[in-house]
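Peer 1: Quick one: structure below, then a few questions.
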Amino acid sequence: MTSISTAESGSDADLARRRAVLIVLCLVQFMLNLDDNVVSVALPTVRDDLGFTTAGLAWVVNGYILAFGGFLLLFGRVADLLGRRRVFLGGVALFGVASVLCGLAQEPWQLVAGRFIQGTGAAMASPAALALLTLLYPGAGERAKAIGIWGATAAVGATSGLVISGALTGFASWRWVFLINVPVVVVASVLLPRWVAESRSGRRTRVDVAGAALITGAPVLLVYGLLRVSETGWGEVGSTMAMIGAVLLAVAFVVVERRTDEPLVPLSFLACRPRAVAGGATLLFSAAFYAMAFLLMLHLQTVLGYGPFTAGLAYLPFGAGILIGMWLSSRAVNRLGERAALVTGLLVSAAGLVLMSGIDGLDSYASGVLPALLVTSIGCGMSLPALAVTALTGTTEDDAGIGSAVFSSVQQLGGALGLAILVTLASRRGDSIDARQAATQAFSYALTIAAALVGLAAVLIATMLRTRSTRSPYEPDRTER
């Protein structure tokens, strides 16, 4: 079977092969987004099986999102330079090997290491897949449709991961949460080289490895320091040194990006006020919601007594609420304007988190969990599209890729930091003699802080974001730079 090139005609055979490639790319993207959330339901079982502490357990989630968010920009550049197909297949293979390591882990450090490697593989494969898809469908209409299908698959993977994780953990073993990835890796590795030709940028650019190492190392050290505080308390030498080191690496990153000819993130790109404000709001928003997902899954199973499969099913309305919120988002923008609609969505999210903070062992699902999930998710769905569009304000064909990667990286790194901060605060808060009551106190406190973070994001948007026009969040903007 011959490979597809971007110059081929739209014959029936070519169209069939392109559809096959789209299916394979969507399958891989489904897998990558599945693993962003799939471990959440299995966390209590993993903790009991391998002997994790609560702070240590946070690394099972953070290892993946730190590596994914930290290396996303780097491997987007590497794919253009070395070849998109090559980097994609390398990332898929690395992800598959890491999945096996996670599934066979016998010690906590082995699972955490595997999750870091998984995140690195995802950072290689995801931007390369989108680049392949873009080249495969050069026409504007067909490209929009293909990317829409690809994005919808990612959303389905993120939502269904909780149910799949619950089923595998409840009826088989948490290890299958990772081992289920292997068939997808094999299919992609065998079929894609037969259908897609290699492609790379004709422009030879320098890869900013130093910038990537610094922007990944800073949050890793900060997360390590924060999670260590949850176990040792404030003022311990190791945690203090880690957080100081994180600040130094962040400063070094700014210095390196100013001096290099081909920076990973051009600082001038962030000088646009709407993008900077949206980036700050996205950081706060992601910090709250990644921590919420982690803490809620522990709360449902530890305090409310749900089994893994039941906990996964209980979370499904969250996905439905996001879809409703996205439907409301464009209508709210048209009626209220971009800034007012975004502030409204963030405040609805904050209200949902406040409701969620009140869930305890006496609440039924219908009266406690479900209303909080729906309110929170509708606000989330209202906020996400407008945040994304605002974060890409003023981008052109030359820097839209950088803008998308920066937005994704801010989401991932913000989530890792938020998870570390809120887990640390929760672990230091629960002081009741009764274990269930202490867990409820810690959960309520952490979710209240999460609501405050989202409220702060709303204040940031309301006071700092200036817009000159009212438009749908799905239309491009060329306002204030």
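The values are calculated or read from the model by the stated rules, or taken from the named source; none is laboratory data. Computed from a prediction, not measured in an experiment: that's the story for all the values here. All Cβ positions, glycine included, derive from the backbone under ideal geometry; neighbour counts span all protein chains shown.
Peer 1: Checking the structure you have, find out if any residue of the range 288-306 is in the same structural domain as Val410 (by TED's automatic domain parsing), touching a Leu at 6+ places or on another chain (Cβ under 8 Å) and assigned to a loop (DSSP other than H, G, I, E, B).
Peer 2: yes
Peer 1: Here are some residues: Glu236, Glu198, Glu257. Which one is in contact with a helix residue (DSSP H, G or I) (Cβ under 8 Å, 6 or more places away or on another chain) and free of Cβ contacts under 8 Å to residues at least 24 places away in the same chain?
Peer 2: Going through Glu236, Glu198, Glu257 in turn, just one is in contact with a helix residue (DSSP H, G or I) (Cβ under 8 Å, 6 or more places away or on another chain) and free of Cβ contacts under 8 Å to residues at least 24 places away in the same chain: Glu236.
Peer 1: Which residues, counting only those in the range 219-263, are under 22 Å from Val61 (Cα atoms), under 25 Å from the mean Cα position of the chain (by Cα) and among the charged types (D, E, K, R)?
Peer 2: Answer for the range 219-263, where residues must be under 22 Å from Val61 (Cα atoms), under 25 Å from the mean Cα position of the chain (by Cα) and among the charged types (D, E, K, R): just Arg228.
Peer 1: Looking at Ala113, is it assigned to a helix (DSSP H, G or I), at pLDDT 85 or above, under 19 Å from the mean Cα position of the chain (by Cα) and surrounded by fewer than 20 Cβ atoms within 10 Å (Cβ to Cβ)?
Peer 2: The answer is yes for Ala113.
Peer 1: Between Val87, Val21, Val100, which is assigned to a helix (DSSP H, G or I), under 29 Å from Met297 (Cα atoms), in the same structural domain as Ala131 (by TED's automatic domain parsing) and in contact (Cβ under 8 Å) with a residue 24 or more places away in the chain?
Peer 2: None of the other options fit; the residue is Val100.
Peer 1: Moving to a separate point now. Exactly one condition in (1) touching a residue at least 40 places away in the same chain (Cβ under 8 Å); (2) not in a loop (DSSP other than H, G, I, E, B) is not met by Met241; state its number.
Peer 2: Failed condition: (1).
Peer 1: Now, a different point. Under 30 Å from Leu422 (Cα atoms) and assigned to a loop (DSSP other than H, G, I, E, B): does that describe Ala105?
Peer 2: yes
Peer 1: Do we find that Leu347 is farther than 20 Å from Met382 by Cβ and either crowded, with 24+ Cβ neighbours inside 10 Å or in contact (Cβ under 8 Å) with a residue 40 or more places away in the chain (or both) in this structure?
Peer 2: On the way: farther than 20 Å from Met382 by Cβ: no; either crowded, with 24+ Cβ neighbours inside 10 Å or in contact (Cβ under 8 Å) with a residue 40 or more places away in the chain (or both): yes.
In short, no.
Peer 1: Going by what's in this entry, would Thr396 be described as under 24 Å from Val277 (Cβ atoms), part of a loop (DSSP other than H, G, I, E, B) and at pLDDT below 85?
Peer 2: Yes.
Peer 1: Kindly indicate whether Ala293 is within 18 Å of Gly345 (Cα to Cα), touching a residue at least 60 places away in the same chain (Cβ under 8 Å) and among the aliphatic types (A, V, I, L, M).
Peer 2: So Ala293 fails the test.
Peer 1: Further question on the same structure: Considering only the range 190-205, how many residues are at pLDDT below 70 and either surrounded by 13 or more Cβ atoms within 10 Å (Cβ to Cβ) or among the charged types (D, E, K, R) (or both)?
Peer 2: Of the residues in that region, 4 qualify.
Peer 1: Can Asp360 be described as of a type in the set (Asp, Glu), modelled with pLDDT of 75 or more, over 28 Å from Phe68 (Cβ atoms) and part of a loop (DSSP other than H, G, I, E, B)?
Peer 2: Yes.
Peer 1: Quick check: anything in the range 314-321 free of Cβ contacts under 8 Å to residues at least 60 places away in the same chain, surrounded by fewer than 22 Cβ atoms within 10 Å (Cβ to Cβ) and under 21 Å from the mean Cα position of the chain (by Cα)?
Peer 2: yes
Peer 1: On the basis of being closer than 21 Å to Ile164 by Cα and in contact with a helix residue (DSSP H, G or I) (Cβ under 9 Å, 6 or more places away or on another chain), does Val60 make the cut? Steps first, answer last, please.
Peer 2: Values: closer than 21 Å to Ile164 by Cα: yes; in contact with a helix residue (DSSP H, G or I) (Cβ under 9 Å, 6 or more places away or on another chain): yes.
Spelling it out, Val60 is indeed closer than 21 Å to Ile164 by Cα and in contact with a helix residue (DSSP H, G or I) (Cβ under 9 Å, 6 or more places away or on another chain).
Peer 1: Let me ask another. For Val187, are the conditions met, namely being assigned to a helix (DSSP H, G or I), crowded, with 17+ Cβ neighbours inside 10 Å and either modelled with pLDDT of 80 or more or of a type in the set (Asp, Glu) (or both)?
Peer 2: Values: assigned to a helix (DSSP H, G or I): yes; crowded, with 17+ Cβ neighbours inside 10 Å: no; either modelled with pLDDT of 80 or more or of a type in the set (Asp, Glu) (or both): yes.
Against the criterion (assigned to a helix (DSSP H, G or I), crowded, with 17+ Cβ neighbours inside 10 Å and either modelled with pLDDT of 80 or more or of a type in the set (Asp, Glu) (or both)), Val187 does not qualify.
Peer 1: If a residue has to be surrounded by 24 or more Cβ atoms within 10 Å (Cβ to Cβ) and either charged (D, E, K, R) or farther than 30 Å from Leu465 by Cβ (or both) to count, how many in the range 269-299 make the cut?
Peer 2: Qualifying residue count for the region: 2.
Peer 1: Against the condition in the same structural domain as Gly217 (by TED's automatic domain parsing), modelled with pLDDT of 85 or more, β-branched (Val, Ile, Thr) and touching a Leu at 6+ places or on another chain (Cβ under 7 Å), how does Val256 come out, does it pass? Quick ask: steps written out before the conclusion?
Peer 2: On the way: in the same structural domain as Gly217 (by TED's automatic domain parsing): yes; modelled with pLDDT of 85 or more: yes; β-branched (Val, Ile, Thr): yes; touching a Leu at 6+ places or on another chain (Cβ under 7 Å): yes.
Against the criterion (in the same structural domain as Gly217 (by TED's automatic domain parsing), modelled with pLDDT of 85 or more, β-branched (Val, Ile, Thr) and touching a Leu at 6+ places or on another chain (Cβ under 7 Å)), Val256 qualifies.
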